[in-house]
Amino acid sequence: MTPDAPLPVVLVTGGNRGIGLEIAKQLAGRGYHAVAACRNQAKGEAAVKGLREAR
């Protein structure tokens, strides 16, 4: 990657809680476009909302 290139998109499974949520949080904080994959849509949306509010 070149210094001015955008960071890649990452897919984090189990992104609504635990380690998956923390990984998504850390990667998003470093500028990555983190996509959180979750089995339960409502829980996933709640997790993403929490991540956005924490920024």
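The values are calculated or read from the model by the stated rules, or taken from the named source; none is laboratory data. Model, not experiment: these values are computed from the prediction. Positions of Cβ are backbone-derived with ideal geometry, glycine not excepted, and every protein chain shown enters the neighbour counts.
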With touching a Leu at 6+ places or on another chain (Cβ under 8 Å) and either part of a strand (DSSP E or B) or acidic (D, E) (or both) as the only criterion, which of A34, A28 stands out?
A34
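From R39, R52, R17, which residue is loosely packed, with under 10 Cβ neighbours inside 10 Å and at pLDDT 90 or above? Explain how you work it out, then say what you get.
Working: R52 fails: at pLDDT 90 or above; R17 fails: loosely packed, with under 10 Cβ neighbours inside 10 Å.
Exactly one residue qualifies, and that residue is R39.
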